[in-house]
Amino acid sequence: MKALRQFFRRIKGFLGERRSESDLAAELESHLRMQAEENERRGMTPGEARRHALVSSGGIEQARQNYRQQETLPFLETLFQDARYGVRMLRKNPGFTAVAAVTLALGIGANSAIFSVVNGVLLRPLPYPEPSRLISISNTAPSKGLDKFGASPPDFRRLRSQNHTLASLSAFYHATFNLTGGDKPERLLAAVVTPEYFSTLGVKPRFGRAFLAGEETFGAHRVMVVSHSFWRSHLNSDPDISGKTFSLDGDPYLIVGVMPPEFYTSAFKVEAWVPMAWKSGDNMDTHNNYFVNMVGRLRPGITQAQAASDLNAIMLQIAEQFPENRDIGVGLKSLAEDWLGDSRPALLVLLCAVGLVLLIACANLANLLLARFSGREKEIGIRSALGASRGRLVRQFITESLVLALISGAIGLALAYFSLGLLPMAGSVLPRIDQVRVDGWVLLLTGAVSVVTGLLFSLIPALQSSRSVKLNESLKEGGRTGHGVGNGRLRGGLVISEVALALVLLIASGLAIRSLQKLFDVDSGFSRGQMLTFDVSLPDAYDPQPDPARLGSPPRVAEFFRETVEGIEHLPGVKAAGIISNLPLNGENWSKFFVALDRPLPSSLDATDHVQYRAVYGHTFGALGVHLVNGRFLDEHDQATTTPSVVINETLARKYWPNADPVGRLIMLNPPVNLIPKELIPRGAVLRRFAVVGVVSDVHYGGLDQKPEPLVYASALQEDSTMSPAFAVRTEGDPKALVGSIRSIISRFDKNLPMANVLTMNEIVSTSVAQPKLEAVLLGFFGGLAMVLAAVGIYGVISYSVSQRKGEIGIRMALGASRGNVLALICKQGLMLAAVGVAAGVALALAATRLMAKVLFGVTPTDPATFIWIILLVAAVTLLACYIPARRATRVDPIVALRHE
Amino acid sequence: MGDRTEVWQGTLALMVLRTLDTMGPLHGYGIARRIEQISGDSLVVQYGTLYPALLKLEQEGYIAAAWGLSENNRKARYYRLTRAGRRHLQREARDWQKTTAILARFLPREEES
């Protein structure tokens, strides 16, 4: 208590709230006078009395100093003194300051930037109350090789009503609607959610209300909650939303709520939410349609494992009732984990990389400081002669370095801030990437990193040079600044570790680059150039009487396909156009049963194979540039009335007919009829046989890094069609130039149909490799930075040692050593350091790159080629860094050098 | 800031407080003279130590200072004991007596030269 009060008084004193100099002087003076008067009374002359008073009371100056010290905090006082001195020293050596600050700022800035990303994507809690209780629930069927897929609406409802471990469970799926009513039709990304969706997340609308339980009933469901940005762009930020309606796919929806601006759900930009409601007998609301995502909130005190066993018990009951549900359970994941997906390893690799860069920067700075402090030995000598203790000297050096580190930290932070501004250019490579910013945590980390770095790079040189001071030596005029052997060894050690760390980073970036190269080299199965793609979502009105027994597109859909594809193909500059249910690189997301009729039939549903399925119309293969291997493509000859035909990919052909020609074989896209429960076959349904008419090259639908799966193409007119067709248009010139005329073809057919996701195939490809590309670019940048820093380090050490060995070199040359000998002598020294560094680095890299296994494609973490190339690169750079000072050594004039001795 | 001053200041503070307790408000010179007198002139109180000690006591809230007039109509800064200071003095005096009593048992009388 007392100590605290005193401390605050002293802080106040430190901040300038002290007694004025004159006030203190007056008090001391009055003291002196009283003493002098007393002395006079004892019989001294006035002059004698005053002199005597001064002597007996001790020095005035000393008294004042003691007083001032008591008045403030001497520790802080000296700290500021040292800091001011440090700033002065930095300003006096702008060259050193610039090199040091830039080195360190790059290191710190890289860390701040990557940490901002890690913080925003990985560490920041989800923007909901008590986020740790939120879980994502999905179906899993390990025995069928399915890791994670959606639930069916009836299963979800059963889980929702029968569980005992969740405070709330809701389901949702993303859907697009055609929003009309404005001047142009728009595609709206919406989430179709069950009414308790918002309360599960724990978020309330900013205006209006969330959904009511009754709005789950079909007919009462035409209400919507919109995002804050939708409210701003479509409702003019008017808080009065009552009675506002928008038309979604032709149905009027009443706006009941507006979400707050900070509400976001995942990487998607969801603009609106509508209730999930099913018409009775809706084909989607059946037991074997697995497509809804579930998010739940655990009851307080319930663990994820408890909830998992509770929910799986319910799934078992369901499976008893519905045999097709056998072996399907649910898997739980924290919602945060679910959002993150698989980007954690990539981020951690980057975080390690910037850590290494910073370490190298530290080593470099330590080296610089060692050199600089040994140049300051005279100053150090004077200071210790004047009574500075070793601790005091070390403290001064460290304060000076901290000043440097904090300045660099500030520059680094600015670098990070501006580089984060470039993030949007990388596209949406990571979930929540738009939430990345420099916040309090980043500031805190940058501050901490700066201080720790400052301590790290200054401690060794400070201790080293304050120890090596030999007072008389350094004060002697002309006394050569002495450098112990230990000093040289220390610098060598620093260079070795720099080379080792740089090697690790370079190998990591080499691996990332090679892996990207492998990814680019993958034969995607289609040709990328000059292709425009987009998709259109057809409203339910295009299929007014859904008939499960019908094969092929409903009449209006078929009409839409015919008119638009024909219209587009007639445009000048279009080579071919076609429709496909899902474009390449969009995911392997539509599978069907597959039975080859010339092979033994499967004995049960479980034993029936699945293959990928794509519905096509028009000249899809020509537009995509898929190669024909055998037979023919599907085209305008395949109509609803002609022989049912399919085209298969090479993977499927290899799997079922490895040594035979598949063309002409008969297949089915459903299980053998005797295996299907009677009630599941729609009345009037015809189970068709298809003839294989062609084999085409494998197309990567899942992603360039995934193996193509067996796949069947059928005409949209003959098998399952699609209500959200994607178009592929092969053009002669710039694909984007055609967007306007294509749009008018579509709106001529139906003015309420918007085109969405208008992209060239090149854009789709580059988006699909955006994350590995960013990883490779960043790692390459950090690796290059590390190499430059290490090279500077080697250069510094070698040129320093050349300047130290001038005399020796002079003697050698005087005794007949050739320039080549000297060159070799100096380079050998540098290469020895580099060799040790490389050896250590290779050992380190072998251990460290294993962490990268998950982010690499087609390259092993110990890829020998990468290791060899990088070692050669490091050797070459080292040689260059040694060669420059070595060449300087050969220019030593023996006579000058010897006279200097 | 060696250790010696610390110990010296500790005892000096007690002497200052005791002086102010018996004499009432007093200026720095008066405090110094009084301490020297009581010690039988075996102590010299230099103002290099006295004034920082007074400042410390002021910071701790045990004494308060104000400008006033001395006996000789001279401007002088007067120090007086606060309530906290009086309490502190009592506590410290007790502790000090206890300490000296214990120490006395360790140190034989003959040691006095």
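Every number in this text was worked out from the coordinates using simple rules, so none of it is lab data. Computed from a predicted structure; not experimentally measured. We place every Cβ from the backbone using ideal geometry, glycine too, and count neighbours over all the protein chains shown.
What is the Cα radius of gyration of segment A:538-752 over 2.2 N^0.38 Å, N being its residue count?
Expressed relative to 2.2 N^0.38 Å, the Cα Rg reads 1.05.
Give me a single rounded figure for B:40-52: the average over its residues of other chain Cβ atoms within 10 Å of their Cβ.
Working: counts 0, 0, 0, 0, 3, 3, 7, 15, 12, 4, 6, 9, 9.
Going residue by residue through B:40-52 and averaging, the value is 5.
Calculate how large, on average over all directions, the projected area of the Cα convex hull of the protein assembly as shown is; give the answer in nm² to one decimal.
The number I arrive at for the protein assembly as shown is 65.3 nm².
Return A:104, A:585 ranked ascending by Cβ neighbour count within 10 Å, so the fewest neighbours appear first.
So the ranking, lowest neighbour count to highest, is A:585, A:104.
Across the residues of A:59-66, average count of Cβ atoms on other protein chains within 10 Å?
Per residue, the number of nearby Cβ atoms from other chains is 4 on average.
Expressed as an acute angle from 0 to 90° and rounded to the nearest 10, what is the orientation of the C-alpha long axis of helix A:60-71 relative to the principal long axis of chain A?
That helix lies at roughly 20 degrees to the long axis.
What value, in deg cm²/dmol to 500, does the helix sum -39500 (n - 2.57) over DSSP H runs of n ≥ 4 give at 222 nm once divided by the residues of chain B?
Rounded to the nearest 500, it is -21000 deg cm²/dmol.
Based on the Cβ-Cβ distance from residue A:326 to residue A:670, what FRET efficiency comes out when R0 is 25 Å, to the nearest 0.05?
Details: r = 19 Å, r/R0 = 0.77.
In this case the efficiency is close to 0.85.
Modelling each spin label as a point 7 Å along the Cα-to-Cβ direction, I'd like the residue B:11/residue A:736 distance in nm, to one decimal.
Going from the residue B:11 label point to the residue A:736 one covers 9.0 nm.
Evaluate E = 1/(1 + (r/R0)^6) for residue A:681 and residue A:222, where r is the Cβ-Cβ distance and R0 equals 30 Å; express this FRET efficiency to the nearest 0.05.
Efficiency computed from Cβ-Cβ geometry: 0.35.
Taking the dipole about the Cα centre of chain A, with the C-beta of Lys and Arg at +1 and of Asp and Glu at -1, give me whichever of A:355, A:169, A:861 is farthest to the positive side.
A:355
I need the calculated FRET efficiency for the pair residue A:605 and residue A:419, taking r as the beta carbon distance and R₀ as 45 Å, to the nearest 0.05. Walk me through the numbers on the way to the answer.
On the way: r = 55 Å, r/R0 = 1.21.
With a Förster radius of 45 Å, E is 0.25.
Sort the following peptides by mean Cβ neighbour count (other Cβ atoms within 10 Å, averaged over residues), highest first: A:830-838, A:589-597.
A:830-838, A:589-597
Can you list the GluC sites (Glu not before Pro) in segment A:207-267 that are in a DSSP coil and have 16 or fewer other beta carbons within 10 angstrom?
Sites meeting the loop and neighbour criteria: A:262.
Residue A:333: which aspartates and glutamates have alpha carbons under 15 Å from its alpha carbon, excluding same-chain residues fewer than 8 sequence positions away?
A:147, A:310, A:342
Debye calculation, C-alpha points only, no solvent: report log10 I(q)/I(0) for segment A:131-340 at q = 0.08, 0.12, 0.14, 0.17 Å⁻¹, in the same order as the q values.
-0.29, -0.65, -0.86, -1.19
When you look at the Cβ of every residue in A:19-32, what mean number of other chain Cβ atoms sits within 10 Å?
4
Report the trypsin sites (Lys or Arg not before Pro) located in segment A:702-793 that are in a DSSP loop and have at most 13 other Cβ atoms inside 10 Å of their Cβ, or state none. Don't skip to the end; give the middle numbers.
On the way: sites: A:730, A:736, A:743, A:748, A:751, A:773; in loops: A:751.
For trypsin sites (Lys or Arg not before Pro) across segment A:702-793 that sit outside H, G, I, E and B with at most 13 neighbouring Cβ atoms in 10 Å, the list reads A:751.
Treating only the Cβ of Lys, Arg, Asp and Glu as charged (+1, +1, -1, -1), what charge dipole size does segment B:3-111 show about its Cα centre? Round to the nearest 20 debye.
440 debye
In Å, what is the Rg of the alpha-carbon atoms in segment A:2-72, and how long is Dmax?
Over segment A:2-72's Cα set, Rg and Dmax evaluate to 15.9, 49 Å.
So between residue A:632 and residue A:337, what do we pick up on full extension, going 0.36 nm a residue minus the alpha carbon distance?
Net length gain for the segment: 101.6 nm.
To test your reading of the geometry: what angle, between 0 and 90 degrees and rounded to tens, separates the Cα axis of helix A:739-749 from the longest principal axis of chain A?
Approximately 30 degrees, to the nearest 10.
If the cut-off is a Cα-Cα distance under 20 Å, which lysines reach residue A:575, setting aside same-chain residues fewer than 8 apart in sequence?
A:736
Within 10 Å, count the other beta carbons around each residue, average over each peptide in A:430-439, A:291-300, and list them highest first.
Answer by packing, highest mean first, reads A:291-300, A:430-439.
Pairs of Cα atoms under 8 Å, at least six residues apart: use those to get the relative contact order of segment B:3-111, whole percent.
In percent, rounded to a whole number, it is 27.
Excluding residues fewer than 8 places away in the same chain, name every one of the lysines whose C-alpha is closer than 17 Å to that of residue A:707.
Excluding near neighbours in sequence, the set is A:518, A:655, A:854.
Compute the helix-to-body angle for B:3-23: its Cα long axis versus the longest principal axis of chain B, expressed 0 to 90° and rounded to tens.
60 degrees
Given the -39500 (n - 2.57) contribution per DSSP H run of 4+ residues, what per-residue ellipticity at 222 nm results for chain A, rounded to the nearest 500 deg cm²/dmol?
Helices in chain A give a 222 nm mean residue ellipticity of -16500 deg cm²/dmol.
Would you mind computing, in nm to one decimal, how far apart the modelled labels at residue A:661 and residue A:757 are, each placed 7 Å from Cα along Cα→Cβ?
Taking the two extended label points, one gets 3.7 nm.
What distance in nm separates the simple spin-label points at residue A:898 and residue B:71, each placed 7 Å from Cα in the Cβ direction?
8.8 nm
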